[in-house]
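Q: Pasting a structure here, questions to come.
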Amino acid sequence: EQPAQHAQPPLTLTLQGAPLNIIIAQATQEGNTMNQDNNLIREVLYRNSEIKPCGCWELTRSDQNHTGHRRITINGKRDYGHRWAMVEQLGEPVPFYRVVCHICDNPTCCNPNHVYLGDYLSNRLDQL
């Protein structure tokens, strides 16, 4: 006679009290939203720019600061065009301790292919 087998309760993984499958579903949903936001950012930047032969997207419909950088509002949030370009590239906000640098050295450019993440020192050295 075989011993009685007891059914094991299903294993539920939790993270900070929430079932992991719900967290994964929320992250997937947020990821899909971020992709939509990235497409919107790219479209808004492109539509509000004059496209130059060199590939720069120069923001035209926005205010400009003393260094030539231009700000634009997307989804109710106002930031510089080159920072929006980096958000589009990263898929998330730019960390506060990083700066967005231009490979084209054009402060009005918001082409996502013309920006990269740097730090304050590398940005200053690049300006020399």
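Q: Where Lys and Arg each count +1 and Asp and Glu each count -1, what net charge lies around residue 89 among other residues with Cβ under 15 Å from its Cβ?
A: In short, -2.
Q: Please report, in debye to the nearest 20, how large the charge dipole of segment 35-88 is about its Cα centre when each Lys and Arg carries +1 at its beta carbon and each Asp and Glu carries -1 there.
A: Values: 9 positive and 7 negative charges, 22 e Å.
Magnitude of the dipole: close to 100 debye.
Q: When Lys and Arg each count +1 and Asp and Glu each count -1, what net charge do the other residues less than 15 Å away from residue 123, Cβ to Cβ, add up to?
A: Local charge sum for residue 123: 0.
Q: How long is the gain from residue 52 to residue 79 if the chain were fully straight, where each residue apart is worth 0.36 nm and the alpha carbon distance is subtracted? Don't skip to the answer; put the middle values down first.
A: Details: separation 27, 0.36 × 27 = 9.72 nm, distance 2.20 nm.
Contour length minus Cα-Cα distance gives 7.5 nm.
Q: Return the distance in nm (one decimal) between the two label points of a simple spin-label model at residue 71 and residue 103, each offset 7 Å from Cα along Cα→Cβ.
A: 2.9
Q: Going by average Cβ neighbours within 10 Å, how do the peptides 98-110, 42-54, 72-84 rank, with the highest at the top?
A: Ranking the peptides 98-110, 42-54, 72-84 by packing returns 98-110, 72-84, 42-54.
Q: So if each residue of separation counts as 0.36 nm, and I subtract the Cα-Cα distance between residue 128 and residue 116, what length gain in nm does that give?
A: The span from residue 128 to residue 116 would gain 2.6 nm if fully extended.
Every read-out reported here was derived from the displayed coordinates using simple, explicitly stated rules and does not represent laboratory data. Remember, predicted model here, so these are calculated numbers, not experimental data. Every residue, glycine as well, gets a Cβ built from its backbone with ideal geometry; the counts of neighbours run over all protein chains shown.
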